[in-house]
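*Asks:* Pasting a structure below so you can have a look.
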Amino acid sequence: MEQNIQGKVVVVTGASSGLGEAAVRRLAAEGAKIVIGARRLDKLEALASALSLGREVAVKTDVTQFDQLQALVDHAVKLHGRIDVMINNAGVMPQAPLEKIQVEDWNRTIDVNLKGTLYGIAAALPYMKAQKSGQIINVSSVAGHKVGPGSAVYSATKTAVRVISEGLRQEVKPYNIRTTVISPGAVQTELPESVTDVDTAKAIRNFYVKYAISADSFARAVVFAMSQPEDVDINEILFRPTRQEY
């Protein structure tokens, strides 16, 4: 397979841990030029140092703030002259039954998972249109394909990410831009730690202990989507641990 990754400029949000960190590590090994964003600058800088990327690639970024996402993408373009891939990965999963009325969690989930994805698209798209090339990779979830008790709001945001990705796919055809949405099942990340409801948190942590697979599974999916020849557009990848029924 054509690798098609060496030298590409890739921006990754939520890069301080989990899926984002795994993607950064694998893409760096493949020779990509990476710029990373997350709220925890210390972790970003430690990752950049460990991979010998240089501290300048790490940018403190809250994806709920459009100006910060724009600054992240602008910084990548300033460093490298272009942006080839935008990976909108940052996410939270504070699941709980709707009857718990956890309005703050609802708002946070919508702001990070949905608005954060839209803001990432908005920041990268003008550059890619001007280049007439690029790829936007959005992260959904198995929960974006099906809903269960306690996951209504989370599933709604992840379903919305899929819908936005499909709309984007159709709209960017004139600009030779590729779009991919990746929907993981249980993968070893910090997502369970974002659950604030005690009963739900216990159930989810037990589920992840039993089923979760390495975050590198996500990184390999990213590499697969990016590695295709420019005339091949991998639009959607859904994967789970082999033993996961949900």
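The values are calculated or read from the model by the stated rules, or taken from the named source; none is laboratory data. Keep in mind that what you see is a predicted model, and the values were worked out from it rather than measured. Cβ placement follows ideal geometry from the backbone for every residue including glycine, while neighbour counts extend to all protein chains displayed. With ligands, DNA and RNA removed, areas are computed over all heavy atoms of the protein, side chains included. Shrake-Rupley method; radii C 1.70, N 1.55, O 1.52, S 1.80 Å.
*Asks:* Do the conditions hold for Ala152, that is, is it among the small types (Gly, Ala, Ser) and farther than 21 Å from Ala23 by Cα?
*Replies:* So Ala152 fits the description; yes.
*Asks:* Checking Ser52 against (1) within 15 Å of the chain's Cα centre (by Cα); (2) hydroxyl-bearing (Ser, Thr, Tyr); (3) closer than 20 Å to Lys8 by Cβ, which test does it fail?
*Replies:* So Ser52 meets the others, but not (1).
*Asks:* Now for a different question. All but one of (1) in contact with a Lys or Arg (Cβ under 6 Å, 6 or more places away or on another chain); (2) small (Gly, Ala, Ser); (3) surrounded by fewer than 20 Cβ atoms within 10 Å (Cβ to Cβ) hold for Ala219, so report the exception by its number.
*Replies:* The one condition Ala219 does not meet is (3).
*Asks:* Run down Asn107, Asn88 and say which single residue is modelled with pLDDT of 95 or more, touching a strand residue (DSSP E or B) at 6+ places or on another chain (Cβ under 9 Å) and under 22 Å from Arg39 (Cα atoms).
*Replies:* Among Asn107, Asn88, only Asn88 is modelled with pLDDT of 95 or more, touching a strand residue (DSSP E or B) at 6+ places or on another chain (Cβ under 9 Å) and under 22 Å from Arg39 (Cα atoms).
*Asks:* Do you know which of the residues in the stretch 161-198 that are under 19 Å from Tyr246 (Cα atoms) and part of a helix (DSSP H, G or I) is least open to solvent (accessible area, probe 1.4 Å)?
*Replies:* So the residue we want is Pro192.
*Asks:* When you look at Arg39, is it open to solvent by 50 Å² or more (accessible area, probe 1.4 Å), touching a strand residue (DSSP E or B) at 6+ places or on another chain (Cβ under 7 Å) and not hydrophobic (A, V, I, L, M, F, W, C), yes or no?
*Replies:* yes
*Asks:* Among the residues of the stretch 142-160, which ones are among the hydrophobic types (A, V, I, L, M, F, W, C) and open to solvent by 50 Å² or more (accessible area, probe 1.4 Å)? Write out each step before concluding.
*Replies:* Kept after step one, since they are among the hydrophobic types (A, V, I, L, M, F, W, C), are these residues of the stretch 142-160: 142-143, 147, 152-153, 156, 160.
Correct list: Val147, Ala156.
*Asks:* Among the candidates Asn4, Asn113, Asn89, which residue alone is buried (at least 21 other Cβ atoms within 10 Å of the Cβ), out of contact with any Lys or Arg (no Cβ under 7 Å at 6 or more places or on another chain) and closer than 30 Å to Val232 by Cβ? Can you show your working first?
*Replies:* Numbers: Asn4 fails: buried (at least 21 other Cβ atoms within 10 Å of the Cβ); Asn113 fails: out of contact with any Lys or Arg (no Cβ under 7 Å at 6 or more places or on another chain).
Selected residue: Asn89, the only one of Asn4, Asn113, Asn89 that is buried (at least 21 other Cβ atoms within 10 Å of the Cβ), out of contact with any Lys or Arg (no Cβ under 7 Å at 6 or more places or on another chain) and closer than 30 Å to Val232 by Cβ.
Rundown of residues vs (1) basic (Lys, Arg); (2) out of contact with any Ser or Thr (no Cβ under 6 Å at 6 or more places or on another chain); (3) more than 22 Å from Ala225 (Cβ to Cβ), yes/no style:
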position: Leu168; (1), (2), (3): no, no, no
position: Glu171; (1), (2), (3): no, yes, no
position: Tyr175; (1), (2), (3): no, yes, no
position: Arg178; (1), (2), (3): yes, yes, no
position: Ile182; (1), (2), (3): no, yes, no
position: Gly185; (1), (2), (3): no, yes, no
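*Asks:* Ser155 - would you say it is over 18 Å from Phe66 (Cβ atoms) and in contact (Cβ under 8 Å) with a residue 40 or more places away in the chain?
*Replies:* Numbers: over 18 Å from Phe66 (Cβ atoms): yes; in contact (Cβ under 8 Å) with a residue 40 or more places away in the chain: no.
No; evaluated as a whole, the condition is false for this residue.
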